[in-house]
Structure formats: structure tokens, C-alpha cells
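The values are calculated or read from the model by the stated rules, or taken from the named source; none is laboratory data. Model, not experiment: these values are computed from the prediction. We place every Cβ from the backbone using ideal geometry, glycine too, and count neighbours over all the protein chains shown. Heads up: the accessible areas ignore ligands, DNA and RNA and are worked out on the full protein's heavy atoms, side chains in. Shrake-Rupley method; radii C 1.70, N 1.55, O 1.52, S 1.80 Å.
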Amino acid sequence: NNRFPMNDQNIRLAAQYALDRDTYFQAFLNGLGEKNTSPWAKTHWAYNPINNDAFSYDLDKAREYLTAAGYTDGKNADGEQLTINIGFPKGYPEWKQGSEMFQAAMGELGVDVKVEELEVTTWVDRIVKTDDYDMSWDYHFQRALDPAYTLSYAFFYPPGPQNIGRYEDPEMTDLIESGGTTLDQDGRKPYYDQFQERWNDFGYGIIVGEFPLYHAVSKDVEG
């Protein structure tokens with residue numbers, strides 16, 4: 001978020017609409033999961049229903065946002081090509097497939113998306129220690145039970161030491177801190193509702209969806 005092209009809100013929102021989340025889960029994860037643009041599952045008390053219809057796959061809307069950013073058929077008024085790179089670590093075929101699907105969709109809009117598969121250590125170094133990337137993938141397993149915990153990591157909390165999204169928004173920081181320091185659940189809910197509204201408005205990161213984690217134990221485990 002701190003460099004071109006993803007520092008442009010319109011380009012970020014174009015990317016949101018150009019990612020076919022439903023196809024991602026059905027085609028690449030065997031239907032194990034579903035589209036969800038919130039950090040929390042639809043059954044979670046912090047979930048904001050605005051996400052029910054947010055960011056449906058829509059290349060026409062994506063094109064509108066690219067036009068607002070000054071790009072027609074992938075080029076600006078000076079004829080410069082809009083290029084976005086997306087990197088991911090080896091060992092996750094669904095991320096490769098998702099990247100190529102996104103590449104094809106943006107290609108229909110004239111945007112050049114470069115897909116790069118990296119060794120895990122190289123990928124970690126790049127997204128944590130450098131700004132040399134536009135987009136990437138990751139899973140967020142940081143205990144979604146309490147929303148304060150969910151938002152305490154580098155995906156969402158801008159002052160964090162590893163703010164991999166590289167975004168700065170004092171209002172978002174205030175919402176996260178207010179939600180995490182208010183004790184009453186009914187009092188916390190408005191902060192998380194506002195967080196999701198602002199997150200979707202500015203598109204600081206693409207939340208693809210939710211999927212279950214399965215655990216198996218021996219039947220003789222008790223207590």
C-alpha cells in the first residue's frame with residue numbers, strides 16, 4: 001500500500017472486483033470454503049452483514065475503478081502500461097491457480113499481472129523485509145475467536161512491527177485499539193462494524209474467504 005500501483009485506492013478496489021472468490025474455492029479448494037470479505041466467519045458476533053454482498057466478481061466494476069485511476073485498457077494517458085506483480089511461496093497450488101485466474105481476469109482489462117512463485121524463505125524475506133512486491137497470498141490462522149486477537153497481527157494492525165500490507169490509517173488503528181480495550185461485547189460491536197466498513201471502502205487488503213480447519217483424534221481420547 002505504500003507504493004505504486006497499490007497505493008491507489010481505485011486500483012486496489014479494481015483488484016477486489018477482479019478476483020473470482022467463488023471460483024477460487026470451488027475449483028481450487030474442492031469447495032472447502034466460501035467467499036467472505038470479512039476477517040470473521042459469518043457466524044461470528046463481530047461479522048458485519050455488509051460483507052454479504054461485497055465485492056462480487058464483476059469485471060465491469062473493476063474497469064470503472066481502473067478508469068477512475070486513469071487507466072483505459074491497461075494504459076494511462078501517456079500510454080504507460082499498468083503492471084502488478086503477485087508473488088507466493090512454493091507448495092500452495094491453490095495460490096498459483098488463484099494468481100493465474102486473477103492474471104487472466106486483469107488481462108481482459110488490459111492490465112499486465114506478473115505471477116511469481118518463490119522459495120518460502122525468499123518469499124518471507126520479500127514481504128517482511130522489503131517493499132518489493134505489489135500483492136501476495138497468506139492464510140490468517142491467528143485465532144479468530146476474539147476479534148482483538150484477529151486484528152493484532154501484521155495483516156491488519158498498521159503499527160505492527162511486520163506491517164506486511166504497508167498501509168497507514170490512524171482511524172483504523174483507533175478502531176482496532178478501541179475494540180480491543182472495550183470490555184462489553186455490545187460496546188465493541190460498533191468498532192468492528194466500522195472497521196469492516198472502512199476496510200472495504202479503502203481496500204487495504206483483499207480478504208478472499210473462510211474455510212474450515214479439520215481435526216482428527218483417536219476415538220479413545222477423552223476428557
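Of all accessible surface on the range 124-197 at a 1.4 Å probe, what whole percent is carbon and sulfur? For the range 124-197, the apolar C and S fraction of the accessible surface comes to 51 percent. Relative to the dominant Cα principal axis of the chain, helix 170-181 is inclined by about 10°.
Residues HIS215, HIS44, HIS140 ordered from highest to lowest accessible area at a 1.4 Å probe: HIS215, HIS140, HIS44. Measuring between their Cα centroids, the range 179-212 and the range 33-48 lie 10 Å from each other.
Residue separation times 0.36 nm, minus the C-alpha to C-alpha distance between THR23 and TYR153: what's the value? Before the final figure, lay out the partial values.
Working: separation 130, 0.36 × 130 = 46.80 nm, distance 2.79 nm.
Answer, rounded to one decimal: 44.0 nm.
Taking 7 Å steps out from each Cα toward its Cβ at THR173 and TYR214 produces label points 4.3 nm apart.
Pairs from the list LYS61/LYS114; LYS35/LYS96; LYS35/LYS189; LYS42/LYS90; LYS35/LYS61 with a Cα-Cα gap above 28 Å: LYS42/LYS90. Computed about the Cα centre, the dipole magnitude for the chain is approximately 300 debye when only Lys and Arg (+1) and Asp and Glu (-1) carry charge, each at its Cβ. Helix 9-18 axis versus longest C-alpha principal axis of the chain: approximately 80°, rounded to the nearest ten. Over the chain, DSSP H runs of length four or greater, each weighted -39,500 (n - 2.57), average out per residue to a 222 nm ellipticity of -11000 deg cm²/dmol.
What are the GluC sites (Glu not before Pro) within the range 13-90 that DSSP puts in a loop, where the Cβ has at most 11 other Cβ atoms within 10 Å? Sparse-neighbourhood loop GluC sites (Glu not before Pro): GLU80. Residues in the chain average 54 Å² of solvent-accessible surface per residue, probe 1.4 Å, ligands and nucleic acids excluded.
Taking every alpha-carbon pair under 8 Å whose residues sit at least 6 apart, the chain reaches a relative contact order of 26 percent. Of all accessible surface on the range 1-96 at a 1.4 Å probe, what whole percent is carbon and sulfur? Carbon plus sulfur share of accessible area: 45 percent. Helix 185-202 and the longest principal axis of the Cα set of the chain meet at an angle near 10°.
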